[in-house]
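These notes concern the structure reproduced below.
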Amino acid sequence: MKTLDRKTIRQFLIVLLGAIVAFLAIFVIVDLVENLEDFIDQSAPWKAPVLYYLYYAPFIVVLTLPVAMLLASLSTIGQMTRDNELLAMKASGISPYRPIRALAGVALIVTVLAFAVGETVVPKANEKKQMVLNEYVNKRGPVSRNETINRALDLGEGRMLFVKRYNAQQRLGLDITLARSEGVELVRLVQAQRMRYQPERDRWALEDVEERVWREGQESFATHERLVETLPALTPEELAKRRKEPEEMGFAELLDYVERGRARGRDVRRSVVDLHMKVALPFANFIIVLFGASLAAVRRRTGLAVGFTVSILICFVYYGVIRTGQAFGYNGDLSPALGAWIGNIIFGLLSLFFLRRARF
């Protein structure tokens, strides 16, 4: 690596690390002021907010990383532009695009690291953060590994299962509701006190059952001490899983969720958009550095304060475009892939436009 590349990368990393620390501190302070009252009202110990924001930190860093990357690229290339270093490089026979290529290489590495952290650290940290919130603020008590509460599952073919409480060790569910619909009409409703798994028959046995069936406008009612249901889409392991939000899942886990949803005939459009976002958001770090570097090469006077303001405004617009595309993807106005990637596509094209306009 040449001295010029090391100098460019060192200056970029110094600003980047400073920006990450600053944005993390600002985010935590603002959020703490808003939510501290909830911890105080529930008489939570001091360790509760400490653990909460410790587990929240990885998500905050990944979320604010593109802003920090943009500020660092604007600052680095902007300083070189103000000092006429790019012009001097061109006069010496060195390509003025070389610093931008060096930053693009660093940005690509950061993109891979951001994806890796988003796959491994962030989902587990978000899950633990939610556990802290449930225990100390929502007062649901610590989450047991053997029990799952308020589980709702789409079994496909118009069937929905609701379980108030499930014990994975005993394979026992309590307060069960099994509903089946045809179109928008409810045609069968089964309510049971208990549900037990029968491994030898690979079936579920419902106990103390009330069954209602609607056919041709007529309702029939029956009670059963025991009713065996064949639910091929439901396993004890599936029922024992705690329902996770997309941000609590890694790419592989969310992909598995999407595939199982498709197999059951569910509408998984939103989940497919979220799946693409798992890659599109980390890749934004690469695009935003190219955009910031190309913009700084065009602008001749960009101080740190101006660069900070420009970074915030650009990232505000960037996130607005990304979230708008995500919403269009959710609604089906755009394909899931295009909805997730439209922000990167637009700003990538703008980066090429500014690079062509740069005059060194």
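All of the numbers you see were taken from the coordinates with simple rules; none came from a lab. Bear in mind the structure is a predicted one, so any value in this text is a computation, not a measurement. As a convention, Cβ positions derive from the backbone with ideal geometry for all residues, glycine included, and neighbour counts pool all protein chains shown.
So between Ile94 and Glu259, what do we pick up on full extension, going 0.36 nm a residue minus the alpha carbon distance?
Values: separation 165, 0.36 × 165 = 59.40 nm, distance 5.08 nm.
Between Ile94 and Glu259, full extension yields 54.3 nm more.
Rounded to the nearest 500, what is the 222 nm mean residue ellipticity of the chain from helices alone, with -39500 (n - 2.57) per DSSP H run of 4+ residues and division by all residues?
Details: 9 runs with 219 residues, N = 360.
Calculated from helices alone, the mean residue ellipticity at 222 nm is -21500 deg cm²/dmol.
Roughly what angle does helix 3-41 make with the longest principal axis of the chain, taking Cα atoms, 0 to 90 degrees, to the nearest 10?
On a 0 to 90 degree scale, this one is about 40.
Mind checking the angle between helix 98-136 and the chain's longest principal axis? C-alpha axes, 0 to 90 degrees, to the nearest 10.
30 degrees
At a 10 Å Cβ-Cβ cut-off, how would you order Ser181, Ser75, fewest neighbours first? Let's see the in-between values first.
Numbers: Ser181 14, Ser75 25.
Neighbour counts put them in this order, fewest first: Ser181, Ser75.
Beyond 32 Å between alpha-carbons counts as too far, so tell me which of Lys2/Lys124; Lys129/Lys164; Lys128/Lys164 fall in that bin. It would help to have the intermediate numbers written out before the result.
Numbers: Lys2/Lys124 40 Å; Lys129/Lys164 23 Å; Lys128/Lys164 22 Å.
Listed pairs above 32 Å: Lys2/Lys124.
Report the gain in length on full extension from Asn167 to Glu185: 0.36 nm times residue separation, minus Cα-Cα distance, nm rounded to one decimal.
On the way: separation 18, 0.36 × 18 = 6.48 nm, distance 3.17 nm.
Taking 0.36 nm per residue and subtracting the Cα distance, the gain is 3.3 nm.
Measure of size requested: the Rg and Dmax of region 1-128, with Cα atoms as the atom set and Å as the unit; please supply both.
Using the Cα atoms of region 1-128, the pair Rg, Dmax is 19.4, 67 Å.
Between Arg323 and Arg266, what is the label-point separation in nm under the 7 Å Cα-to-beta-carbon projection?
Between Arg266 and Arg323, the simple spin-label model gives 2.6 nm.
Amide H of Arg266 versus every other amide H placed in the peptide plane: which residues, excluding those fewer than 5 positions away on the same chain, fall under 5 Å?
none
Rounded to whole Å and sorted largest first, list the principal axis extents of the Cα atoms in region 314-360.
45, 20, 10 Å, listed from the longest principal axis down.
I'm a student and want to see the number: the projected area of the Cα convex hull of region 147-241, averaged over all directions, in nm². Don't skip to the answer; put the middle values down first.
On the way: hull surface 24.0 nm².
Taking the Cα atoms of region 147-241, their convex hull projects to 6.0 nm² on average.
Quick check: convex hull over the Cα atoms of the chain, volume per residue in Å³, rounded to an integer? Numbers along the way, then the final one.
On the way: hull volume 63.0 nm³, N = 360.
Per-residue hull volume (Cα only) is 175 Å³.
Once Lys and Arg get +1 and Asp and Glu get -1 on their Cβ, which of Phe354, Tyr136, Thr120 lies farthest toward the positive end of the dipole of the chain?
Of Phe354, Tyr136, Thr120, it is Phe354.
Diagonalise the Cα gyration tensor of region 68-201 and give the resulting equivalent ellipsoid semi-axes, square root of 5 times each eigenvalue, largest first, whole Å. Before the final figure, lay out the partial values.
Working: eigenvalues 692, 76, 38 Å².
In descending order the semi-axes read 59, 20, 14 Å.
In nm, what is the difference between 0.36 nm times the number of residues separating Lys2 and Ile109 and their Cα-Cα distance? Mind showing how you got there, number by number?
On the way: separation 107, 0.36 × 107 = 38.52 nm, distance 1.84 nm.
So the chain would gain 36.7 nm between Lys2 and Ile109.
What is the fewest-to-most order of Ser92, Ser351 by other Cβ atoms lying within 10 Å of their Cβ? Don't skip to the answer; put the middle values down first.
On the way: Ser92 7, Ser351 21.
By the 10 Å Cβ count, ascending: Ser92, Ser351.
Treat each spin label as a single point 7 Å out from the Cα along the C-beta direction, and report the Leu17 to Phe251 distance in nm.
It is 2.8 nm.
Of all chymotrypsin sites (Phe, Trp or Tyr not before Pro) in region 37-102, which ones are in loop regions per DSSP and have a Cβ with at most 11 other Cβ atoms within 10 Å? Don't jump to the answer; show the numbers that get you there.
Working: sites: Phe39, Trp46, Tyr52, Tyr53, Tyr55, Tyr56, Phe59, Tyr97; in loops: Trp46, Tyr97.
Passing sites in region 37-102 are Trp46.
For helix 251-263, report the angle its Cα long axis makes with the longest principal axis of the Cα atoms of the chain; keep it between 0 and 90° and round to the nearest 10°.
40 degrees
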